[in-house]
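Q: My questions will all concern the structure given below.
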Amino acid sequence: NLKNDNYLIPDRTAVSLSPTDDAILLVSPRSQKSGDSNRSIKKSEELDRNAEWLMKWREKSNKEKIKLRTEIQRETEKLKEISLTKQKKVDEIVQEFEDAQKVEEVDLPNLFPNLDNCMEEAIHTALCGGSGGEVLTEDFNITITRSDIKTLSGCNWLNDEVINFYFNLISKRSKNEKSLPKVHVFNTFFYPKLSNHGYSSVRRWTKKVDIFQHDLLLIPVHLGVHWCLATIDFRKKEVSYYDSMLGDNHNCVESLLNYISKESKDKKQKDYDLSGWRTIIVKDVPQQMNGSDCGVFTCKFADCVSRDIPLAFQQ
């Protein structure tokens with residue numbers, strides 16, 4: 001069996017081999033070829049797997065690169081948008097400042113007339129010329145004493161008499177100057193009555209007045225230790241609130257809007273159409289720089305609004 005054509009027998013004359021050695025040295029060409037073929041197939045399969053893995057890795061890597069590039073592009077666009085928004089805000093602030101500068105260029109002498117020597121002397125006499133109880137003027141069923149006038153000096157707080165008298169002067173001016181809005185003013189006790197006791201407590205206050213025949217209503221608002229102004233503008237369909245300390249008082253504007261409705265129902269026996277009306281807490285207003293001038297600011301707000309001119313004044 002060892003000498004068939006399929007085996008190669010080494011030369012025994014050259015080396016002395018035992019039968020065991022013969023078995024070890026016997027090599028089958030067919031087995032060798034078969035083993036080589038299997039190894040080649042395995043290697044080929046391994047290469048194919050490696051190639052497939054590499055292809056998948058490259059595909060995944062490309063997808064991640066595309067995703068990363070897309071994210072970078074998206075973030076870049078966001079940064080550009082943020083930059084544009086910031087620049088826009090800067091431009092808006094600059095424009096607001098420029099607009100404010102233009103407002104300040106309004107003819108201020110119209111807001112604060114220059115006082116000549118005779119006026120200065122009259123002011124001094126009113127403040128220092130006699131007893132505090134002396135009556136200096138009477139009108140609109142209001143008496144003004146020297147003590148009342150003294151609330152206009154220093155860091156004193158304006159009292160009801162001074163504010164009511166000034167608001168009535170505004171109303172009188174609107175009647176005399178036909179170019180101005182037609183104004184009706186309420187006194188300082190109107191809003192506390194309305195807010196604390198409701199419409200019924202002020203129902204009779206307008207028995208001789210048709211508020212709907214006016215362009216503008218002015219309402220001084222006293223909050224215990226602070227004066228503000230509320231307005232009802234029938235031309236603009238707006239109820240507005242002016243506070244020199246930038247406070248919010250939504251209850252006030254809502255109460256006044258409700259007042260219009262109830263006043264129409266009571267005096268005209270019909271519902272008032274409030275569609276299109278707005279309530280506004282005005283924030284673009286001059287601000288007081290101390291704790292005592294709120295009354296003066298309130299009066300000046302009323303003066304400007306009643307003339308349809310900008311609030312072009314400051315502390």
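The values are calculated or read from the model by the stated rules, or taken from the named source; none is laboratory data. This is a predicted model, so every value here is computed, not measured. All Cβ positions, glycine included, derive from the backbone under ideal geometry; neighbour counts span all protein chains shown. The area values use the complete protein model at the heavy-atom level, side chains included, leaving out ligands, DNA and RNA. Shrake-Rupley method; radii C 1.70, N 1.55, O 1.52, S 1.80 Å.
Q: On each of the three principal axes of the Cα atoms of segment 206-265, give max minus min coordinate, whole Å, ordered largest first.
A: That works out to 33, 23, 16 Å along the principal axes.
Q: I need the fraction of alpha carbon pairs in segment 266-315 separated by more than 19 Å, rounded to a whole percent.
A: Working: 576 of 1225 pairs.
Here the tail beyond 19 Å accounts for 47 percent of pairs.
Q: A further question follows. Compute the separation of the alpha-carbon centres of segment 262-315 and segment 190-233 and state it in Å as a whole number.
A: For segment 262-315 versus segment 190-233, the Cα centre distance is 11 Å.
Q: Would you compute the Debye intensity of segment 150-204 from its alpha-carbon atoms alone, equal scatterers and no solvent, and pass along log10 I(q)/I(0) at q = 0.25 Å⁻¹ to two decimals?
A: Listed by q, the Debye log ratios stand at -0.93.
Q: Distance in nm between label sites at Q287 and S179, each 7 Å beyond Cα in the beta-carbon direction?
A: 3.5 nm
Q: Could you check how much of the accessible area of segment 219-315 is carbon and sulfur, as a whole percent, using a 1.4 Å probe?
A: The computed percentage sits at 48.
Q: Ordered by packing density, taken as the mean number of other Cβ atoms within 10 Å over each peptide's residues, highest first, how do 181-194, 146-159, 213-226, 76-89 rank?
A: On the way: 181-194: 19.2, 146-159: 15.4, 213-226: 17.6, 76-89: 10.0.
Highest to lowest by the protection proxy: 181-194, 213-226, 146-159, 76-89.
Q: I would also like to ask the following. Largest first and in whole Å, what are the equivalent-ellipsoid semi-axes of segment 107-192 based on the Cα gyration tensor, each being the root of 5 times an eigenvalue?
A: Numbers: eigenvalues 112, 74, 30 Å².
So the three semi-axes of segment 107-192 are 24, 19, 12 Å.
Q: Excluding same-chain residues fewer than 8 positions from K89, which lysines have a Cα within less than 22 Å of its Cα?
A: Here the lysines satisfying the reach criterion relative to K89 are K78, K80, K102, K283.
Q: Leaving out same-chain residues fewer than 8 places away, which lysines sit with a Cα under 20 Å from that of K193?
A: Cross-link targets: K207, K208, K262, K265, K267.
Q: Hey, which lysines would be in cross-link range of K43, C-alpha to C-alpha under 22 Å, not counting anything within fewer than 8 residues on its own chain?
A: Once the sequence-local lysines are set aside, what remains near K43 is K33, K56.
Q: If you roll a 1.4 Å probe over the heavy atoms of the protein chains, what accessible area per residue do you get for segment 169-278, in Å²?
A: Details: 5740 Å² over 110 residues.
Value for segment 169-278: 52 Å² per residue.
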